[in-house]
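Below is one structure; the comments refer to it alone.
The values are calculated or read from the model by the stated rules, or taken from the named source; none is laboratory data. Worth saying up front: this structure is predicted, and the values here are computed from it rather than measured. Every residue, glycine among them, receives a Cβ derived from its backbone with ideal geometry; neighbour counts consider all protein chains shown. Just so you know, the surface numbers come from the protein's heavy atoms only, side chains and all, with ligands and any DNA or RNA stripped out. Shrake-Rupley method; radii C 1.70, N 1.55, O 1.52, S 1.80 Å.
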Amino acid sequence: MITIALSKGRIFDDIQPLLKSAGIEVLDDPEKSRKLILDTNQLDVRVLLVRPTDVPTYVQYGGADMGVVGKDTLLESGTQGLYVPLDLQIAMCRISVAVRDGFDYTAAMRQGSRMTVATKYVAIARDFFASRGVHVDLIKLYGSMELAPLTGLADAIVDLVSTGNTLRANHLVEVERILDISSHLVVNQTALKLKQAPIRKIIDAFSAAVQTR
Ligand code: AMP
């Protein structure tokens, strides 16, 4: 049995063509079903639905043999115990700094005045501002980061941006791109040894599909 950990939404949707290239079709629609373990057309392949930040944990501890996870999550949680063979180039977005429309970000960065930054990505934000030699006070949030500058909780946020529509709808401006993000394949290192043939087959099919896209 090969168990693949995925999260609902963008990653689940974007991985379907790659799964198909490996001959795998998920039989349930996660938006309609409440099942957390989904069957596929292959009797020996199943899909687990987990939160994005839990994918590396399931794979690291062998709850799943492989999984798909955003680089943002990998950078925050580390890749300890994981084999990361492939950038799948799906769920593409970027991590950016955004501020309230009218906030002078350039001046705040230049003056070295302490900025307050709210984010789910504390490690990425800390490294970024440290690389610029700017001291910031970081506030950890778990969602709806856009609210922080609007309510005075923070001067800036560090968050994922795709189309920019969410920022615009909340009168926020993207002032700096920190890094590009895409989803990566992660594999449990023990599973790779014990189930080498079926796992390699999936990695090779994904790899070929990514290259021909
Ligand atoms: P957008 O309005 O298209 O810029 O999307 C921004 C919102 O979607 C933010 O709340 C992000 O946290 C979320 N988001 C954008 N891209 C991704 C992605 N690849 N994976 C997960 N969340 C994302």
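Miscellaneous remarks
- Filtering THR53, THR57 for residues that are within 23 Å of THR190 (Cβ to Cβ), hydroxyl-bearing (Ser, Thr, Tyr), open to solvent by 20 Å² or more (accessible area, probe 1.4 Å) and within 16 Å of the ligand (Cβ to nearest atom) leaves a single hit, THR53.
- In the range 81-107, the residues that are assigned to a strand (DSSP E or B), β-branched (Val, Ile, Thr) and open to solvent by less than 30 Å² (accessible area, probe 1.4 Å): ILE95, VAL97, VAL99
- Boolean, GLY9 is in contact with a helix residue (DSSP H, G or I) (Cβ under 9 Å, 6 or more places away or on another chain), more than 29 Å from GLN196 (Cβ to Cβ) and loosely packed, with under 15 Cβ neighbours inside 10 Å: yes
- Within the range 186-204, none of the residues are out of contact with any strand residue (DSSP E or B) (no Cβ under 9 Å at 6 or more places or on another chain), open to solvent by less than 30 Å² (accessible area, probe 1.4 Å) and under 23 Å from VAL55 (Cα atoms).
- In the range 72-97, the residues that are within 10 Å of the ligand (Cβ to nearest atom) and in contact (Cβ under 8 Å) with a residue 24 or more places away in the chain: ASP72, ILE90, ALA91, MET92, CYS93, ARG94, ILE95, SER96
- The condition of being under 15 Å from the mean Cα position of the chain (by Cα) and either more than 26 Å from PHE128 (Cα to Cα) or open to solvent by 60 Å² or more (accessible area, probe 1.4 Å) (or both) holds for only one of LEU48, LEU75, that being LEU75.
- Among the numbered conditions (1) more than 10 Å from the ligand (Cβ to nearest atom); (2) surrounded by fewer than 20 Cβ atoms within 10 Å (Cβ to Cβ), the only one that ALA156 does not meet is (2).
- You will find that of ASP44, ASP29, ASP14, the residue that is under 30 Å from VAL175 (Cβ atoms) and of a type in the set (D, E, K, R) is ASP14 and no other.
- ARG110 vs. criteria surrounded by 11 or more Cβ atoms within 10 Å (Cβ to Cβ), among the basic types (Lys, Arg) and away from the ligand (no atom under 16 Å from the Cβ): no
- Test: residue in the range 14-33 that is away from the ligand (no atom under 16 Å from the Cβ), within 27 Å of ARG126 (Cβ to Cβ) and surrounded by fewer than 21 Cβ atoms within 10 Å (Cβ to Cβ): no
- Scan the range 162-209 for residues that are within 16 Å of the ligand (Cβ to nearest atom) and in a helix (DSSP H, G or I) and the total you get is 5.
- Filtering the range 60-97 to residues that are acidic (Asp, Glu) and more than 18 Å from VAL187 (Cβ to Cβ) leaves ASP72, GLU76.
- Hey, GLU31 in contact (Cβ under 8 Å) with a residue 12 or more places away in the chain and under 17 Å from SER183 (Cβ atoms) or not: no
- Listed by first and then second residue, the pairs with beta-carbon distance under 7 Å, at least 6 apart or on different chains, first residue in the range 118-142 and charged (D, E, K, R), second not in a helix (DSSP H, G or I), are LYS120/LEU141; LYS120/TYR142; LYS120/MET145; ARG126/LEU138; ASP137/ARG114; ASP137/THR116.
- Of the residues making up the range 132-151, just one is open to solvent by less than 60 Å² (accessible area, probe 1.4 Å), outside any helix (DSSP H, G or I) and among the small types (Gly, Ala, Ser), namely GLY143.
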